[in-house]
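Below is one structure; the comments refer to it alone.
The values are calculated or read from the model by the stated rules, or taken from the named source; none is laboratory data. On a predicted model such as this, the values are computed, not experimentally measured, just so you know. Cβ placement follows ideal geometry from the backbone for every residue including glycine, while neighbour counts extend to all protein chains displayed.
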Amino acid sequence: MRICLMGFGAVGQGVAKVISLKNDYLKEHYGLELKLVAVTDSSGAAISQDGLDPDLLLKIKSETGKVSNYPEAGIENIDGINVLDKVEYDTMVEVTPTNIQNGEPAKSLTIKAINDKKDVVTSNKGHLALFFRELIELSHQNGVEFKYEASVGGAMPILNFAQETLPGNEIKSILGILNGTTNFILSRMTIEGSSYEQTLQEAQQLGIAETDPTQDVEGIDAACKTVILANSILGIDCTLKDVQVTGISRITSEAIDLAKKEGYLIKLMAEVSPDSLDVSPRLVKQDSPYAVDGTLNMATLKTDLADEVTVVGLGAGSVETASAILSDLINIWKSQK
Ligand SMILES: NC(=O)c1ccc[n+]([C@@H]2O[C@H](COP(=O)([O-])OP(=O)(O)OC[C@H]3O[C@@H](n4cnc5c(N)ncnc54)[C@H](OP(=O)(O)O)[C@@H]3O)[C@@H](O)[C@H]2O)c1
């Protein structure tokens, strides 16, 4: 499978590591060889129809910061759309930054790849939260696969899990923790009794919260994932503006203490149901499946046959998120056999 990898940050580099680690295994078990024919970052691209060496790409990126420095195959300042025109490929793996203003550059790259009849795998939430229906319908019209397991909960398996492991079940609702940064902050405030500001600073020093933490702490990241779950699992036609969102920035250590004394924790919960699309801090029982600590994500799916099923996993991480991308690539490969 020839891959155009758009974006070479944490997740893109995770994809390269996974290809380097797993190619022999994939060939042996699935007859699948993943070949990187183009890789882009903000500097430009590296393009080779014969395939780029994932280890050399990682070395060059870490030493120079630019994939366009790849020997003989590097091109500076080339636009992603032009890269897609310059190379023959089967699947675009799109891992550029999430943009909740207009979904770019992911939206244009995805439309271009789908119109060119290529399969697409993404970890990006922005274009999905804003234009879910349009993008899915376009993929159906063009008869291509468009997969996005990594966009919700990183390595936590939820989309493929609901669709492939629970087929025949009607999923009535989902309640879960879909943001690792806020879960880390609330867990630390609970364990250490520290203030929100102090704990946010600690999370920033550890690289768990971004310098501008707004999207995480104000619940926007979780709201994007709520939209993706609502559309893809419950069939609810919605976008980001349909989600009620309250973040955690006004949660005090006193409120957490009070909850703790009564046997509860405060968690940023996302609810997906036909009656409610909501992200807000809620009280959950200390011994419930919602009591996961640190950067973990979890989700409980309420079904008509299997009752409640809970999944837990790491919501972020380079190789961890690439694991979800790999599962989409393998599923595409299997569906075409
Ligand atoms: N990190 C995680 O654990 C995680 C988990 C689940 C989902 N996600 C999602 O996955 C996506 C990638 O995340 P990440 O952590 O890898 O982000 P990142 O580290 O910021 O990497 C983004 C990559 O995209 C490149 N880029 C930036 N602007 C671009 C543009 N306009 N056109 C083309 N490329 C551009 C960057 O180039 P430079 O390298 O030159 O800066 C970088 O290589 C995001 O949408 C994120 O929300 C991330």
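Would you check which residues across region 111-126 are out of contact with any Ser or Thr (no Cβ under 7 Å at 6 or more places or on another chain) and either among the hydrophobic types (A, V, I, L, M, F, W, C) or crowded, with 24+ Cβ neighbours inside 10 Å (or both) and list them?
Those that are out of contact with any Ser or Thr (no Cβ under 7 Å at 6 or more places or on another chain) and either among the hydrophobic types (A, V, I, L, M, F, W, C) or crowded, with 24+ Cβ neighbours inside 10 Å (or both): Ile111, Ala113.
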Original post:
If we keep just the residues of region 11-23 that are within 15 Å of the ligand (Cβ to nearest atom) and over 12 Å from Thr96 (Cβ atoms), which is surrounded by the most Cβ atoms within 10 Å (Cβ to Cβ)?
Top reply: Val15
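For (1) farther than 28 Å from Lys147 by Cα; (2) without any contact (Cβ under 8 Å) to a residue 60 or more places away in the chain; (3) not hydroxyl-bearing (Ser, Thr, Tyr), each residue gets a yes or a no:
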{"site": "Ala230", "(1), (2), (3)": "no, yes, yes"}
{"site": "Thr239", "(1), (2), (3)": "no, no, no"}
{"site": "Val245", "(1), (2), (3)": "no, yes, yes"}
{"site": "Ala259", "(1), (2), (3)": "yes, yes, yes"}
{"site": "Ser273", "(1), (2), (3)": "no, no, no"}
{"site": "Leu314", "(1), (2), (3)": "no, no, yes"}
{"site": "Val319", "(1), (2), (3)": "no, no, yes"}
{"site": "Gln336", "(1), (2), (3)": "no, yes, yes"}
Original post:
Which of (1) under 19 Å from Gly313 (Cα atoms); (2) within 16 Å of the ligand (Cβ to nearest atom) does Leu186 not meet, given it meets every other one?
Top reply: (2)
Subject >> Sole residue being more than 19 Å from Leu329 (Cβ to Cβ) and either in contact (Cβ under 8 Å) with a residue 24 or more places away in the chain or not aromatic (Phe, Trp, Tyr) (or both), chosen from Phe132, Phe161 >> reply: Phe132
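Among the listed residues Leu57, Leu36, Leu26, identify the single one that is free of Cβ contacts under 8 Å to residues at least 60 places away in the same chain, more than 12 Å from the ligand (Cβ to nearest atom) and closer than 30 Å to Gln336 by Cα.
Matching residue, one of Leu57, Leu36, Leu26: Leu36.
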**OP:** Name the one entry in Leu265, Leu258, Leu305 that is in contact with a helix residue (DSSP H, G or I) (Cβ under 7 Å, 6 or more places away or on another chain) and either of a type in the set (Lys, Arg) or not assigned by TED's automatic domain parsing to the domain that holds Tyr30 (or both).
**Re:** Leu265
**OP:** Among what's in region 292-326 and is polar (S, T, N, Q) and under 13 Å from the mean Cα position of the chain (by Cα), pick the residue that is nearest to the ligand (Cβ to nearest atom).
**Re:** Thr321
Subject >> Members of region 69-111 that are closer than 18 Å to Ile3 by Cβ and of a type in the set (Gly, Ala, Ser) >> reply: Ala73, Gly74, Gly80, Ala106
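Can you tell me which of Leu265, Leu240 is in contact with a strand residue (DSSP E or B) (Cβ under 7 Å, 6 or more places away or on another chain) and not basic (Lys, Arg)?
Leu265
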**OP:** Enumerate the pairs (first residue in region 98-115 and in the same structural domain as Ala10 (by TED's automatic domain parsing) and at pLDDT below 95; second residue anywhere and within 11 Å of the ligand (Cβ to nearest atom) and not aromatic (Phe, Trp, Tyr)) with beta-carbon separation below 7 Å, excluding pairs fewer than 6 apart on the same chain, so at least 6 apart or on different chains.
**Re:** none
**OP:** Would you check which residues across region 44-59 are surrounded by fewer than 22 Cβ atoms within 10 Å (Cβ to Cβ) and in a helix (DSSP H, G or I) and list them?
**Re:** Asp55, Leu56, Leu58, Lys59
Subject >> Selection within region 196-209 - assigned to a loop (DSSP other than H, G, I, E, B) and either outside the structural domain of Asp257 (by TED's automatic domain parsing) or surrounded by 14 or more Cβ atoms within 10 Å (Cβ to Cβ) (or both) >> reply: Ile208, Ala209
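Residue by residue, here is whether (1) in contact with a Lys or Arg (Cβ under 6 Å, 6 or more places away or on another chain); (2) surrounded by fewer than 24 Cβ atoms within 10 Å (Cβ to Cβ); (3) over 20 Å from Ala270 (Cβ atoms) holds:
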| position | (1), (2), (3) |
| --- | --- |
| Leu109 | no, no, yes |
| Leu128 | no, no, no |
| Phe132 | no, yes, no |
| Glu137 | no, yes, yes |
| His140 | no, yes, yes |
| Glu149 | no, no, no |
| Gly153 | no, no, no |
| Pro157 | no, yes, no |
| Asn160 | no, yes, no |
